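The values are calculated or read from the model by the stated rules, or taken from the named source; none is laboratory data. These numbers were taken from a predicted model, which means no experiment stands behind them. In this analysis, Cβ positions are derived from the backbone assuming ideal geometry, glycine residues included, and neighbour counts consider all displayed protein chains. Heavy atoms of the whole protein, side chains included, go into the accessibility calculation; ligands, DNA and RNA do not. Shrake-Rupley method; radii C 1.70, N 1.55, O 1.52, S 1.80 Å.
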Amino acid sequence: RFKKGSPPSKVSLKLDEDESNIRVGSTTIAAMDILEVRIGQKTRAFEKSKKAAPYKGRSFSIMYGMRGKKGAKMDGNSIDVACRTKLEFDVWTSGIRMLLERKHDPETAFIKAEFRKVKTHKHGTPELNIRQCSSILEKINFKAPKRLVKKKFVEMNTDGSEGLSYDEFVELLRSLRERPEIRQLFERYAENPEGGLAPRELQRFLHREQGETMVTANNCHVLVMKFSKAYKKAE
């Protein structure tokens, strides 16, 4: 491990069994506090060390804490590590990225993990048969008629192989979740459907369709800001 103002030291790197913490020597970082894994020697602890150069292709930093306007801080909120081997480096960096993925999009992370368990197809990519697709849908608590799942399975299997690839399965799930009547209702109230439903438009929908006449524009603004990344960016 590299630290500012200190010589590099050998430390153990461990992940708790429940994946709640990463332990680097005597330092413990909660997985929920990790902002990113930064590949290379891009923090001051590395830049200031004269002994970091030999580890250039095997170094990374775990950035954690409060996120600033430009991401995690350049220094201060980092654990800077150089691995002994490239394999060790690959395992840890890919593992921490998986933790971050689970944190931000647990459903996608779960689906990808299920695909990693599947036997690789002869073309080199894992594929799910209809039974395995149904099993994953059940595990993510998505309910759909078996006949509909089978119909969509056939539709999404565009290459005529024995099963669905990851991209095909994601498209199957998107298709099953799609409800034309809701799309039509959304487009009726959204002046710019591609840009999302603005607070005033949401308020109008709630008043007219749901009878929620007590909902204010401010209430709707809070809801839109909470659930819409696109609207935050536009603001």
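Overview of values
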{"quantity": "Residue 112 being modelled with pLDDT of 80 or more, farther than 15 Å from residue 37 by Cα, basic (Lys, Arg) and surrounded by 13 or more Cβ atoms within 10 Å (Cβ to Cβ)", "calculated": "yes"}
{"quantity": "Residue, nearest to residue 105 (Cα to Cα), within the range 145-174, restricted to residues that are surrounded by 14 or more Cβ atoms within 10 Å (Cβ to Cβ) and among the small types (Gly, Ala, Ser)", "calculated": "165"}
{"quantity": "Test: residue in the range 220-233 that is loosely packed, with under 12 Cβ neighbours inside 10 Å, closer than 30 Å to residue 129 by Cα and under 25 Å from the mean Cα position of the chain (by Cα)", "calculated": "no"}
{"quantity": "Hits in the range 132-144 (condition: out of contact with any Lys or Arg (no Cβ under 8 Å at 6 or more places or on another chain), open to solvent by 30 Å² or more (accessible area, probe 1.4 Å) and either at positive phi or not in a loop (DSSP other than H, G, I, E, B) (or both))", "calculated": "132, 135, 138, 139, 141"}
{"quantity": "Residue check, residue 129 more than 30 Å from residue 18 (Cβ to Cβ), among the polar types (S, T, N, Q) and surrounded by 17 or more Cβ atoms within 10 Å (Cβ to Cβ)", "calculated": "no"}
{"quantity": "Meets criteria (crowded, with 17+ Cβ neighbours inside 10 Å, over 22 Å from the mean Cα position of the chain (by Cα) and not in a loop (DSSP other than H, G, I, E, B)) for residue 205", "calculated": "yes"}
{"quantity": "Selection from the range 175-193 of residues that are in a helix (DSSP H, G or I), loosely packed, with under 11 Cβ neighbours inside 10 Å and at pLDDT below 85", "calculated": "180, 181, 182"}
{"quantity": "Test: residue 89 is at pLDDT 85 or above, aromatic (Phe, Trp, Tyr), in a strand (DSSP E or B) and touching a helix residue (DSSP H, G or I) at 6+ places or on another chain (Cβ under 8 Å)", "calculated": "no"}
{"quantity": "Residue 197 vs. criteria open to solvent by less than 30 Å² (accessible area, probe 1.4 Å), in contact (Cβ under 8 Å) with a residue 12 or more places away in the chain and under 27 Å from the mean Cα position of the chain (by Cα)", "calculated": "no"}
